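Below: one structure, written as structure tokens.
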Amino acid sequence: MRNICVIGVGYVGLVTGTAFSDLGNKVTAVDINEERIKNLKQAIMPIYEPGLKEVVERNMATGRLNLSTSYEEGLKDAEFVFICVGTPQGVDGEADLQYVRFAVEEIARAMDHELIIINKSTVPVGTGDWVANIVKETQTKPIDFHVVSCPEFLREGSAVKDFFNPDRIVLGSTDRDAADQVAQLHLALRAPIVVTDLRTAEMIKYASNAFLATKISFINEIANICEALGADVKEVASGMGYDTRIGNRFLDAGVGYGGSCFPKDVQALAYMAQVHGTHPQLLEAVMQINEIQRKRVVLKLEEIWGSVKGKTVGLLGLAFKENTDDMRESPAISIGDYLNGRGAIVRGYDPVAMEEAAKIMPYLTCAEDAYALANDADAIIVLTPWNEFKQLDMTRFKDLMREPVLIDGRNIYLPEELRELGFTYRGVGRGYDGQQLKQATE
Ligand SMILES: NC(=O)c1ccc[n+]([C@@H]2O[C@H](COP(=O)([O-])OP(=O)(O)OC[C@H]3O[C@@H](n4cnc5c(N)ncnc54)[C@H](O)[C@@H]3O)[C@@H](O)[C@H]2O)c1
């Protein structure tokens, strides 16, 4: 049993801390948000993450998982401290390190014995060295410490499962022994462990996210070409995905990527490249395609109606992906803003993200369920591929609508089935649509 402190109890920190305690370690998770800690002590989760509550409750009951707002309490007897605080986008596209700085200063002040400081937050290349300097400058007396980078690759919506079944663990450090000790913590996960230097580990995280975002923008570009040429991108992606050099994941055409990681991480990598005199041409194209992709669903409505002014448009799904309540950089926000700015009446429904969405999108009228959203709507745009949306009674859904226009931003329905039911259906890259379809069949 090792003694671990985790700083930050958001998506990454709470999952990391809980999972390490489940592996038999003693963990104290520290957060400056007093309400979060108070609620967690009563097993009230700050985030929606499938399976998390059960593991938190189980480990709190054994006494292996403790929660605190005090760094001193968290670091008492700790051998390892994981930094898991947010690194949001800064004003110029760079990663904002204010939360990391605060956490590092607090660690430096509170530590009273040798410690391995592990950075799990996604941070710019070079941050490991910066962290070491801050600790040295802030310590009241010199105490040995080592900095290790251990970037996180979990996905929201399956974070607990991902933690226990990682594809790989990446560790970077200038101190091989410290990296080996952190590797030992992960041995039970039976994953390949890549040990490298600090900067390379930090870069692996950005390069991985940028690659996945590139795959999404690539398939969206192919989707747009498919639409113009009459091919079906779903089948194109499936035909491509069998090629093991390509793989079938992250090849779903739709409204583009969102969430707390891809948008800010691609932007931050492009920023780092520019600052260091490199032109990130591909990354810029990835971001541009993603931006345009969101607007395209609204353009499809304008193609049908001329204008969305005065029309009631329902957003089916608001979270950036299924199985999460995370609204950070969700495509629903820019699509809702765009519709609202053009005079549409915007409604929304999401099984778990509605409360959060309403705070960000003040013009949004929330519906009780998917059918209430359809009631008297002029159009529905599917934005999150929740399973419950795939099982709807689409005849009832259509009958409730004022006009049966459905823009399937996540390609969850079969175009021919919905057209047969009488919907004006537009997917993303699903062969010829509308006018083009008519022309092609004439
Ligand atoms: N969310 C993901 O899917 C994911 C995946 C991989 C990596 N990451 C990276 O992990 C990091 C954390 O992301 P997240 O989504 O868990 O963030 P989050 O916003 O969900 O959680 C951050 C937590 O840190 C707390 N916090 C902030 N400053 C603090 C401080 N000084 N001391 C103690 N607690 C503090 C906040 O109160 C909050 O509870 C980011 O760098 C992110 O890029 C996130």
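The values are calculated or read from the model by the stated rules, or taken from the named source; none is laboratory data. Remember, it's a predicted structure, so these values are computed and weren't measured experimentally. Reconstructed Cβ throughout: ideal geometry from the backbone, glycine too, with neighbour counts over all protein chains shown. The accessibility values were calculated without ligands, DNA or RNA, using every heavy atom of the protein model including side chains. Shrake-Rupley method; radii C 1.70, N 1.55, O 1.52, S 1.80 Å.
So with the 1.4 Å probe, I'd like the accessible area per residue for segment 92-149, rounded to whole Å². About 43 Å² of surface per residue is accessible. Close amide H contacts of VAL194 (hydrogens built in the peptide plane, cut-off under 5 Å, sequence separation of 5 or more or a different chain): ILE169, VAL170, LEU171. Residue by residue, segment 73-87 carries 3J(HN,Hα) couplings of 5, x, 8, 4, 6, 6, 9, 10, 10, 9, 8, 10, 8, x, 10 Hz when phi is fed to the Karplus relation 6.51 cos²θ - 1.76 cosθ + 1.60 (θ = phi - 60°); x denotes Gly or Pro.
The distance from the alpha carbon centre of segment 1-48 to that of segment 343-404 is 34 Å, rounded to a whole number. Projecting the Cα atoms of VAL147, ASN39, SER260 onto the charge dipole of the chain, computed from C-beta unit charges around the Cα centre, puts SER260 farthest toward the positive end.
Could you please state how large a percent of the accessible area of the chain is carbon and sulfur, counting protein chains only and using a 1.4 Å probe?
49 percent
Between the C-alpha center of segment 50-108 and that of segment 265-284 there is a gap of 29 Å.
Once the Cα atoms are used to define both axes, helix 127-138 deviates from the longest principal axis of the chain by about 40 degrees.
Based on DSSP, what percent of beta bridges with both residues in the chain are antiparallel, to the nearest 5? All intermediate terms of the calculation are to be shown ahead of the outcome.
Details: 4 of 48 bridges.
Beta bridges within the chain, antiparallel portion: roughly 10 percent.
Taken about its Cα centre, the chain carries a charge dipole of roughly 280 debye when the Cβ of each Lys and Arg holds +1 and the Cβ of each Asp and Glu holds -1. Pairs spanning more than 30 Å between alpha-carbon atoms, out of LYS38/LYS321; LYS53/LYS215; LYS41/LYS321; LYS205/LYS300; LYS53/LYS76: LYS53/LYS215; LYS205/LYS300. Given +1 at the Cβ of Lys and Arg, -1 at the Cβ of Asp and Glu and no other charges, the dipole of segment 159-313 around its Cα centre is 380 debye to the nearest 20. Label-to-label distance for GLU57 and HIS276 is 4.7 nm, based on points extended 7 Å past Cα in the beta-carbon direction.
Run through segment 283-388 and list the trypsin sites (Lys or Arg not before Pro) located in a DSSP loop whose Cβ has at most 12 other Cβ atoms within 10 Å.
Values: sites: ARG294, LYS295, ARG296, LYS300, LYS309, LYS311, LYS321, ARG328, ARG342, ARG347, LYS359; in loops: LYS309, LYS311, LYS321, ARG328, ARG342.
The qualifying sites are LYS309.
Among GLN181, TRP305, VAL27, which residue has its Cα furthest toward the positive end of the charge dipole of the chain, with +1 on Lys/Arg Cβ and -1 on Asp/Glu Cβ? Comparing the listed Cα positions along the dipole, TRP305 ranks first.
Taking all protein chains together and a 1.4 Å probe, the residues TRP305, TRP386 rank TRP305, TRP386 from largest to smallest accessible area.
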